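Taking it in order: structure first as structure tokens, then the write-up.
The values are calculated or read from the model by the stated rules, or taken from the named source; none is laboratory data. It should be emphasised that the depicted structure is a prediction, and the values quoted were computed from it without experimental measurement. Please note: Cβ atoms are built from the backbone with ideal geometry, for glycine as well, and neighbour counts cover all protein chains shown. We work out accessible area using only protein heavy atoms, side chains counted, and drop any ligands, DNA or RNA first. Shrake-Rupley method; radii C 1.70, N 1.55, O 1.52, S 1.80 Å.
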Amino acid sequence: MYNDEHNLYHYTYRKDGSELPLRETVHPGGQPGPQGPEWERKPVKKNRMGLKITALALSCALLGGAAGGGAVWAISQGGGGNESEINVSSRPVTQVSLRSVDGKTAMSDAEVYAANVNSVVSIRTSATAGYNFFNQPVETSSAGSGFILSKDGYILTNYHVVKGAETVTVTMYNGDEYSATYIGGEEDYDIAVIKVEAQNLQPVTLGDSGTLNVGDHVLAIGNPLGELTFSMSGGMVSCVDRAINVDGTPFNMIQTDASINPGNSGGPLFNQYGEVVGIVSAKYSKASNGTSVEGLGFAIPMNDVFSMVKDIMTNGYVSNRAYLGITPQTLTEGTAAQFHYDITAGVFINYVEPDSAAGKAGLKMGDVITKVDDTVIKTVEDLNLAKKKYSAGDTATLEVYRPDGAITVEITWGAAPREEQTAVQQPQQNQDNSNGNSGYANPFDDLFRYFYGWN
């Protein structure tokens, strides 16, 4: 508080307002001076042990630079004639060599980035997501990634990145922008091919995802959050051939702990040789029980979709997708009880298309598929995942339950009719997108679903 005495203000910390006692101040020369308030000072002890520890730590930190050679800064200390020396490294800036991807030479992370960043693209899409109260169109946008397949502008990305898009804009690493045209895709495998009108682009080199082992180093380049363009993250392969289910669609995935976020969808996953071995597609942010998780990202193996990608580039759709020709339903205990079946798991056949693979093999309504080759089938998702291993013309052995006894059926997979595939695969361009776009509008979505979407 302040005390007023003879119009002089003095400050005191005491509650009663009294002040510290005045001390006589002696000025240089030994003469007493006017009295005034003076704080009692205590001698300051020098913490020499702290200084020694600090000096030791600084010496250890700089020892490496001294050992490696470098410039020395000398600082003179006033009065003592001593000098303090600071060692500064003179190591030249590391030059990243621009290597070509040959599939034989292991590359550093920086070399993989330098060799491939011009082959990665940022993708932005826009669409009309219904109409508001005033009957005005509501525009939505989303972002993703992709990578160049050919010099003349074919680009591979995820199907969900361009699904429902009315416009697709591709941005190259050098800043060039192009309007892209949708060529075709396969929703069950979450792949799509788009094309820009450009020449002499730099394509990636596709690798063999079947050679991946758990523990192998992998890198992802993409467009996280739709704005951190051409970012690279790294990690290892956590699992191969991981079966996961996304919104009822089964996928066979490469699991990795590389950092993956909304906007990375459709980007490439590289091995240590700079080859694309996967298409970044999904991540976990929460487990089914609500537990938060980290380091669970997924990519589609390149081997699983390579033939389909070529098919899309040639025909505009997947012409050799395996097709059975049935209307399936997961068998439940209720259905089994209704038909007095002895089993409670499998795929119940509601309808068989004439002249389809199932029809030619003699399957009929009421049959229950329980196995495809060595794969046990309990649900429709199991059957769809097993079907992905085959192409049109491949053969398989089905184990089928019938009330009068189990049978074994040999089938030759057919090909899905083009009109059906086109209807399923074509993004809903210029159509009402009232169900919404799988955009990254909420980058903190805690659900496991497609990027911006999935992530």
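Where nothing but the Cβ of Lys and Arg (+1) and of Asp and Glu (-1) is charged, how large is the charge dipole of the stretch 87-208 around its Cα centre, in debye to the nearest 20? Write out the running numbers ahead of the final one.
Working: 7 positive and 14 negative charges, 88 e Å.
I would put it at about 420 debye.
Please give the net charge around MET365, taking every other residue with its beta carbon less than 13 angstrom from that of MET365, where Lys and Arg add +1 and Asp and Glu add -1.
Details: positive: LYS364, ARG402; negative: GLU353, ASP367.
Here the charged neighbours net out to 0.
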Distant-in-sequence amide H partners of ASP216 (H built 1.01 Å from N, under 5 Å): VAL237
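Highest first, please rank the peptides 305-317, 213-225, 89-101, 171-183 by the mean number of other Cβ atoms sitting within 10 Å of their residues. If you can, show how the numbers build up before the last one.
Details: 305-317: 17.7, 213-225: 19.5, 89-101: 10.4, 171-183: 14.9.
Per-residue mean Cβ counts within 10 Å order the peptides as 213-225, 305-317, 171-183, 89-101.
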Sorted by average packing, counted as other Cβ atoms within 10 angstrom per residue and highest first, what order do 104-111, 160-167 take? 160-167, 104-111
In order through the stretch 309-326: 3J(HN,Hα) via Karplus (6.51 cos²θ - 1.76 cosθ + 1.60), integer Hz, x for Gly, Pro: 4, 4, 5, 5, 5, 8, 10, x, 7, 8, 7, 10, 5, 4, 9, 9, x, 10
Which distance in nm do the two modelled labels at SER90 and THR330 give, with both placed 7 Å along the Cα-to-Cβ direction? 7.0
Simple spin-label estimate for GLU410 and SER391 in nanometres, 7 Å along Cα-Cβ: 2.2
Convert each backbone phi in the stretch 348-364 into a coupling constant with the Karplus relation 6.51 cos²θ - 1.76 cosθ + 1.60 (shift: θ = phi - 60°), then list the ³J(HN,Hα) values in order as whole Hz, x for Gly and Pro. 7, 8, 8, 7, 10, 6, x, 6, 8, 4, 5, x, 5, 7, x, 6, 8
Restricting the stretch 291-389 to GluC sites (Glu not before Pro) in coil, as DSSP defines it, with at most 15 other Cβ within 10 Å: GLU294
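By its C-alpha gyration tensor, with a ≥ b ≥ c as the square roots of the eigenvalues, how is the stretch 230-342 shaped: rounded for a/c under 1.5, else prolate for a/b larger than b/c, else oblate? Please list the in-between numbers first.
Working: a/c = 2.89, a/b = 1.39, b/c = 2.08.
Here the stretch 230-342 falls in the oblate category.
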For the stretch 147-215, accessible area per residue (1.4 Å probe, heavy atoms of protein chains only), Å²: 39
Check which residues have an amide H placed less than 5 Å from PHE147's amide H, if you skip close sequence neighbours. VAL121, LEU156
What order, most packed first, do the peptides 363-375, 140-152 have when packing is the mean number of other Cβ atoms within 10 Å of each residue? 140-152, 363-375
Surpassing 28 Å at the alpha-carbon level, of the pairs LYS163/LYS389; LYS104/LYS388; LYS364/LYS388, are LYS104/LYS388
Give me the net charge for the shell around THR375: Cβ to Cβ below 15 angstrom, other residues only, Lys and Arg +1, Asp and Glu -1. -2
Enumerate the calculated ³J(HN,Hα) couplings along the stretch 271-281 in order (Karplus 6.51 cos²θ - 1.76 cosθ + 1.60, θ = phi - 60°), each rounded to whole Hz, writing x wherever the residue is Gly or Pro. 8, 6, 9, x, 9, 7, 10, x, 10, 4, 9
Need one number: nm distance between label points at THR211 and TYR173, each 7 Å from Cα along Cα→Cβ, rounded to one decimal. 2.2
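Kindly state, to the nearest 0.05, the FRET efficiency for PHE306 paired with GLU227, given R0 = 41 Å and r defined as their beta-carbon distance. Spell out each step's value before the answer.
Values: r = 31 Å, r/R0 = 0.76.
Efficiency at R0 = 41 Å is approximately 0.85.
What is the percent carbon and sulfur in the accessible area of the stretch 150-280, measuring with a 1.4 Å probe over the protein chains and ignoring ligands?
Details: 1960 of 4610 Å².
Exposed carbon and sulfur together represent 42 percent of the surface.
What is the sum of charges, Lys and Arg at +1 and Asp and Glu at -1, for the other residues whose Cβ falls under 13 Å from the Cβ of THR171? Write down the numbers at each step before the final one.
Working: positive: ARG124; negative: ASP176, GLU177, GLU227.
Value of the local net charge: -2.
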